[in-house]
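Beneath this line is the structure, given in structure tokens, with notes to follow.
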Amino acid sequence: MSVINQHNLAIFRQSLQRVSASTEFFDCFYNSFITQSDEIGEFFKNRDMKQLKKKLRETLFMLAETAEGRPGLTLYIEMLGRVHLRLKVKRKHFVMWEEALLEAVKRYDKEFDDKVLAAWLEVIDNVIETMFRALDETKQMAS
Ligand code: HEM
């Protein structure tokens, strides 16, 4: 993980606390993401959604509580990259994922504005890049 702007991290943390006060936020996010196309729906067939919602929640809080790019966090995000590679999730799916998540934030954060949007974008873009960087390195090692 590269170091995230401290101001944005604070805004992200506060917004995350507001939206995750109820489990509805995660229900809403996965419902709209999964039902947006059959292609996306396929990924989530026969999954333990309760567990997945819990893991996503924990991951977001882990990001919010990390002041600087902690090595442990980077390793965890890189591992998540490999999990998603095995699931055959492509970059375009991450774009859809991020859009659906931000829609849910917009809906559940009563203080949503451009600053909140910019903070979430910085954090999530950073996560996605870290996930993909790990995959590029894996490919290089294989060749
Ligand atoms: C930055 C974006 C994403 C984050 C932070 C994220 C987060 C997570 C986490 C924390 C898990 C649980 C891993 C574990 O079992 O330890 C997971 C699993 C999973 N994710 Fe993602 N995810 C992202 C993007 C996506 C996308 C784009 C898709 C599909 C289109 C997807 C589909 C799945 C599926 C199918 C599982 C497996 C559930 C299972 O093993 O039962 N994820 N994700």
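Can you tell me what percent of all Cα-Cα pairs in the stretch 12-86 are more than 16 Å apart? Can you show the working numbers first?
Numbers: 1645 of 2775 pairs.
Across the stretch 12-86, Cα pairs with separations above 16 Å total 59 percent.
Summing Lys, Arg as +1 and Asp, Glu as -1, what charge do residues with Cβ under 13 Å from the Cβ of residue 11 carry, residue 11 excluded? That works out to -2. Take 85-95, 119-129 and order them by the average number of nearby Cβ atoms within 10 Å per residue, most first; the result is 119-129, 85-95.
With N as its number of residues, the chain has a Cα radius of gyration that, divided by 2.2 N^0.38 Å, comes to 1.04.
Give the lysines whose C-alpha is closer than 24 Å to that of residue 50, dropping any in the same chain fewer than 8 places away, or say none. Qualifying lysines at Cα under 24 Å: 88, 90, 106. From helices alone, the chain scores -25500 deg cm²/dmol at 222 nm; the rule is -39500 (n - 2.57) for each run of n ≥ 4 DSSP H residues, then divide by the residue total.
Each reported figure results from applying straightforward, stated rules to the coordinates on display, with no laboratory input. Bear in mind the structure is a predicted one, so any value in this text is a computation, not a measurement. Methodologically, a virtual Cβ is constructed for each residue, glycine included, from the backbone with ideal geometry; neighbour enumeration extends over all protein chains shown.
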